Amino acid sequence: MLQIEFPQIFRVRQNFVSRRINDLEGAIRAAFARAAIPQRVARGQTVAVTGGSRGIANYARIMRAVIRYFQELGAEPFIVPAMGSHGGGTAEGQREVLARYRITPETMGCPVRATMETTIVGQAPEGFDVHFDRYAAQADHVVVVNRVKPHTQFTGALESGLMKMLLIGLGKHHGAEIYHRAVEDYGFDRIVRSVGRMVLTRCRILCGLALVEDAFDETALVEALLPDQFETREPQLLALAKDWMPRIPFDDAHLLIIDRLGKDISGAGIDTNVIGRKYHYHHAADTERPRIRHICVRGLTEATHGNAIGIGFAEFCRTEVIQQMDFHATRINALTAGHVAAGMLPFDYPTDREMLTHALANIGLTPPPRSRLMWIADTSHLSELECSAAYWDEAQARQDLDVLTACRPLPFDAAGNLPSVQELAANRP
């Protein structure tokens, strides 16, 4: 095997600002009260509450608080999966996705009604049918619960949030396929507004509960929006989400090692806003930062259950990642989203040592010991990370970084593998 000298590494902590809401239940109640929701719901009315496939912070706690709120009003809430093609594009699969987040009839105290059947509520101006979840269409009210954050593919005033869930989530698999094809012809902004407006006017949308998270992956803001506020308020919340989201601390790297990717981390498996690959799969656009030469992926999250969407952003991976893949689920997700290359496979190697050896041998003229390398758990958890010695002087001078260790060798075990970044932190002297 090719032999190289590896860079030494040290650990840093980023000084992010915590905006965590401690009393989430109280914040949710206050948000609904400000929107005058109690005056809009009568006793005995049914309320469909959307449940998505993203790993939202405090997700089960938030959903339980929403369900309990409407039960206290005398309404009859239930949960509908709103996640396009996820869960393998089946009702049972989507029910299982929610169960992984502890969102079940038992934990929520209400039914979970899953179906892939839709009701056609009209035809969009662009000439295609607009689909809406059948159970949601039958409810007296629909409450859309979702996180507002930058999308991994699209850029604009509206990205990932309440408006997107109205079509991609509540449109189910068939609707999501149509809308993603329409996006190829008309662009995301036009389609999300066109379909979203039709759903807001023709379906019984009571309100949306918008969630914004901070750099520590914690719930930082909860706001209830009435239907006529979705399109105007969501861009303002998106601006906050962009400002608060975590980032890696350096703009240039030869190598980024990622311990895990998964749908619970990002809709794209790896958040492209973090890795600087929102517009191109294997390099940053001129205006993007960071600029990363190669990405190495070491594993999948347990919660992604084999959906390895996002692996196509990496140039190198452990063979174990491919062995863990559910190819069917990954391909359905990639094809439905029109994100085919995100499911393509990088070069794979059986050990971390072999993977990093080949990656570092292909970074250009910089000798591997002086390479700029960062090592993260995933693209949501970035408060602490490992960096190579090439960043040492800059890190020491930065007021927003705390250097936690001295430089030390990469801790390969006898088999040539590394621990996770989190394990490495736990064993720090």
Of everything in the stretch 278-298, what is within 15 Å of Phe250 (Cβ to Cβ), assigned to a loop (DSSP other than H, G, I, E, B) and touching a residue at least 24 places away in the same chain (Cβ under 8 Å)? Give them in sequence order. Arg289, Pro290
In the stretch 168-203, the residues that are of a type in the set (Gly, Ala, Ser), closer than 18 Å to Pro227 by Cα and either surrounded by fewer than 17 Cβ atoms within 10 Å (Cβ to Cβ) or touching a residue at least 40 places away in the same chain (Cβ under 8 Å) (or both): Gly169, Gly171, Ser194
Go through Thr379, Thr366, Thr357 for me and flag whichever is part of a loop (DSSP other than H, G, I, E, B), modelled with pLDDT of 95 or more and polar (S, T, N, Q). Thr366
How many residues are closer than 16 Å to Leu211 by Cβ and touching a Cys at 6+ places or on another chain (Cβ under 6 Å) when one looks only at the stretch 46-104? 1
Kindly evaluate Arg233 against the criterion of being surrounded by fewer than 22 Cβ atoms within 10 Å (Cβ to Cβ), basic (Lys, Arg), modelled with pLDDT of 95 or more and farther than 18 Å from Ser266 by Cα. yes
From the list Val212, Val192, which residue is in contact with a helix residue (DSSP H, G or I) (Cβ under 7 Å, 6 or more places away or on another chain) and at pLDDT 95 or above? Val212
The stretch 255-272: number of residues that are among the hydrophobic types (A, V, I, L, M, F, W, C), in contact with a strand residue (DSSP E or B) (Cβ under 7 Å, 6 or more places away or on another chain) and farther than 24 Å from Ala390 by Cβ: 1
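Yes/no matrix, rows are residues, columns are (1) in contact with a Ser or Thr (Cβ under 6 Å, 6 or more places away or on another chain); (2) basic (Lys, Arg); (3) surrounded by 15 or more Cβ atoms within 10 Å (Cβ to Cβ); (4) in contact (Cβ under 8 Å) with a residue 24 or more places away in the chain:
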{"residue": "Trp392", "(1), (2), (3), (4)": "no, no, yes, yes"}
{"residue": "Arg398", "(1), (2), (3), (4)": "no, yes, yes, yes"}
{"residue": "Arg408", "(1), (2), (3), (4)": "no, yes, no, yes"}
{"residue": "Pro411", "(1), (2), (3), (4)": "no, no, no, no"}
{"residue": "Glu423", "(1), (2), (3), (4)": "no, no, no, no"}
{"residue": "Ala426", "(1), (2), (3), (4)": "no, no, no, no"}
From the list Ile295, Ile332, which one is of a type in the set (A, V, I, L, M) and under 17 Å from Arg277 (Cβ atoms)? Ile295
Of those in the stretch 123-140 that are out of contact with any Ser or Thr (no Cβ under 7 Å at 6 or more places or on another chain) and at pLDDT 95 or above, the residue surrounded by the most Cβ atoms within 10 Å (Cβ to Cβ) is Ala136
Could you please find all residues in the stretch 12-55 being more than 30 Å from Arg428 (Cβ to Cβ), part of a strand (DSSP E or B) and of a type in the set (S, T, N, Q)? Thr46, Thr50
Select from the stretch 44-77 the residues that are at pLDDT 95 or above and charged (D, E, K, R) and write down the one among them that is farthest from Arg20 (Cα to Cα). Glu76
When restricted to Val212, Val222, the only residue under 14 Å from Ser160 (Cα atoms), buried (at least 20 other Cβ atoms within 10 Å of the Cβ) and not assigned by TED's automatic domain parsing to the domain that holds Tyr391 is Val212
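Residue by residue, here is whether (1) in contact with an Asp or Glu (Cβ under 9 Å, 6 or more places away or on another chain); (2) under 16 Å from Gly267 (Cα atoms); (3) of a type outside the set (Asp, Glu); (4) not assigned by TED's automatic domain parsing to the domain that holds Pro77 holds:
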| residue | (1), (2), (3), (4) |
| --- | --- |
| Met108 | no, no, yes, no |
| Val121 | yes, no, yes, no |
| Gly127 | no, no, yes, no |
| Met165 | no, yes, yes, no |
| Gly171 | yes, no, yes, no |
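The values are calculated or read from the model by the stated rules, or taken from the named source; none is laboratory data. Bear in mind that the values here come from a model prediction, so they are computed numbers and not experimental data. Every residue, glycine as well, gets a Cβ built from its backbone with ideal geometry; the counts of neighbours run over all protein chains shown.
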